[in-house]
1. Could we say that L467 is more than 30 Å from S370 (Cα to Cα), modelled with pLDDT under 90 and surrounded by 12 or more Cβ atoms within 10 Å (Cβ to Cβ) here?
2. Would you be able to say whether some residue in the stretch 294-302 is in contact with a strand residue (DSSP E or B) (Cβ under 7 Å, 6 or more places away or on another chain), within 22 Å of T396 (Cα to Cα) and either part of a loop (DSSP other than H, G, I, E, B) or in contact (Cβ under 8 Å) with a residue 24 or more places away in the chain (or both)?
3. Could we say that G400 is open to solvent by less than 60 Å² (accessible area, probe 1.4 Å), outside any strand (DSSP E or B) and closer than 29 Å to R483 by Cβ here?
4. Could you tell me whether the stretch 178-187 includes any residue that is part of a loop (DSSP other than H, G, I, E, B), open to solvent by less than 10 Å² (accessible area, probe 1.4 Å) and not acidic (D, E)?
5. Going by what's in this entry, would E269 be described as touching a strand residue (DSSP E or B) at 6+ places or on another chain (Cβ under 9 Å), within 21 Å of V181 (Cα to Cα) and in a loop (DSSP other than H, G, I, E, B)?
6. Where residues in the stretch 208-220 are polar (S, T, N, Q) and in a strand (DSSP E or B), which of them is farthest from L135 (Cα to Cα)?
7. Taking the stretch 188-198 as the search range and keeping residues that are at pLDDT 90 or above and open to solvent by less than 40 Å² (accessible area, probe 1.4 Å), which one is farthest from V234 (Cα to Cα)?
8. Would you call S493 among the polar types (S, T, N, Q) and exposed (fewer than 13 other Cβ atoms within 10 Å of the Cβ)?
Amino acid sequence: VVNLWDLRDYSCKLTVPTYEMVEAVCAIPPGSAFDSFLSSYNQQTIKKKRRSLEIHFITVGERGIVRMWNADSACLYEQKSSDVTISFEMDDSKRGFTAATVLPSNQGLLCVTADQQLLLYTTVEVPEKKMELILSKRLVGYNEEILDLKFLGEEEQYLAVATNIEQVQVYDLSSMSCSYVLAGHSEIVLCLDTCALSSGKILIVTGSKDNSVRLWDSESRCCVGVGTGHMGAVGAVAFSKKLQNFLVSGSSDHTIKVWSFDGLSDDAEQPMNLKAKAVVAAHGKDINSLAVAPNDSLVCTGSQDRTACVWRLPDLVSVVTFRGHKRGIWSVEFSPVDQVVITASGDKTIKIWSISDGSCLKTFEGHTSSVLRASFLTRGAQIVSCGADGLVKLWTVRTGECIATYDKHEDKIWALAVGKKTEMFATGGSDALVNLWHDSTAAEREEAFRKEEEAVLRGQELENAVLDADYTKAIQVAFELRRPHKLFELFASVCRKREAELQIEKALHALGKEEIRQLLEYVREWNTKPKLCHVAQFVLFQLFNIHPPTEIIEIKGISDVLEGLIPYTQRHFSRIDRLVRSTFLLDYTLTGMSVIEPDTEAREVKAESLVDSNVHQDANDVVITENVAKEQIESEGKTASKKRKSHKSRESSHKKERRADQTNAAAISLQA
């Protein structure tokens, strides 16, 4: 029931019985779209009976329908059928709506279901001059496991999805909202396939755990055909590709059936019974996958018995059996251009088989778990696969190499659908996610060309800045182009040109925190090499002079960079210190050898010691001069007394005189 209370005296004014468990009540504001919607329904009842209370409200509950009420005249509007997807395993208390609210600005009524769906209802005018309540948008909050999916529509603008419920959900790819739901199976839908007829009609076939096959018309959104006869769950279905007048189903009862829908009628009120044209016991275990050849002449089946079989249609005569997998086969598909079949197995491999002789032509290895789906891309030149490891892999058929791996799922990927008209495919799995994949080859190629062209222009700009000695601009461009070698050359040039330090300061001032961190990473690499460490230390000196340490410490991740700089910097400092101390010994040795003159600055510092040494030096010079004079007098006396000596003695006296002359010259030079 719904009770109306008076807040002034807290008395119950009115009780309206709804005859269902009410989960939400929404008051309809006067002048809103829903108030106008009720005006057409409210006129006749108001004429019969009028009261002072003019209160309208909406109720939703376990029945899953929207009802609108007037406090004077009971129920004014009630939905004919529920839009809630009801699961047969759900309790009665968990069915229907759990909450509802009227959105502002006349955006509609938003209802929440027990299975986490959001239903948005809006009002529209109909030719009978009455307004109707329609479901304008359905947002699915949770899909549980996604078992299968296929593209739908002439332009493949829809996606049909089979999940762990009895209904098939059809999504609009432009908004990713659920456009409509196909309800009819009594158990979970395991597989589906789509087909566009030449007449323009689009059909959907589904296989379920209820052992039946159902055929749906996407335009009327109703079931047009039912096929019964399987003794187990139907796990695989496939439409014919060329004739489009039959479908094939495979079941856990180990059989495959060919169903004909030639007599399909558009005006039939009840779904027609599909007739089985052929039946065969194909495998010894459950059939997991089916594929029909592009010319409708063959059908291939993959089973848990580790084999794949090719059958001739329409009589289902065995053609060839593929043996070689070590685990069950989860997926099979014909090549669009060659007479080969691709199979994906639980043994983590993908194999290509020849239909003519049944031989294995190539094996693709790379998945770390079971490969659940595999399909051809780009007219048979590539293969896309997905598996229980949550990875999507792209393979090249010619080389057998995996050229790309994508990790966008967190669990097993059960479903894979490839667009026939567009190079787009969709994946879905146990993580309840549906991912759409687009071919980005042309876009990436164009982007790479654009980046290459931009890099050439920026490179020329860098060279021009270097020629103009504009080091500020050159360093900025080198940073943008991520060229550490060119950056090192610029800093090395600045080291040799001290007048360019102002430009370096300007360039370092303009660096942001991320660029400073990048520069310090470059410096850390340069600092590890003795030939480059001088430039690295020069950059560090300039950087710490411009930016305070408190600012540098705040940079994210800078501690690891500084830890790599400190050990090598200490090692370089010790090496330079030893070198400087070694030069002192060299200076002392050269000074002692009179090769270089003493340093004038040192002479000024040691003035007193130098004065004392000069005094002693002058005294020594005087003593040496006196001794030389005495020797000269003695030599002259000896020469005069020995004039009458022989010629031999004269020669010896001349030698003595020459020695004396040399001694005098040495004394004079020393005194000078």
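1. Taking the combined requirement at face value, the residue does not satisfy it.
2. Checked against the condition, which is being in contact with a strand residue (DSSP E or B) (Cβ under 7 Å, 6 or more places away or on another chain), within 22 Å of T396 (Cα to Cα) and either part of a loop (DSSP other than H, G, I, E, B) or in contact (Cβ under 8 Å) with a residue 24 or more places away in the chain (or both), the stretch 294-302 yields at least one hit.
3. no
4. yes
5. It is false that E269 is touching a strand residue (DSSP E or B) at 6+ places or on another chain (Cβ under 9 Å), within 21 Å of V181 (Cα to Cα) and in a loop (DSSP other than H, G, I, E, B).
6. S212
7. C195
8. For S493, the condition - among the polar types (S, T, N, Q) and exposed (fewer than 13 other Cβ atoms within 10 Å of the Cβ) - is not met.
The values are calculated or read from the model by the stated rules, or taken from the named source; none is laboratory data. Everything numeric in this text was worked out from a predicted model, so none of it was measured. FYI the Cβ positions are ideal-geometry reconstructions off the backbone, even for glycines, and counts take in every protein chain you see. Please note that ligands, DNA and RNA were not included when accessible areas were found on the heavy atoms of the full protein model with its side chains. Shrake-Rupley method; radii C 1.70, N 1.55, O 1.52, S 1.80 Å.
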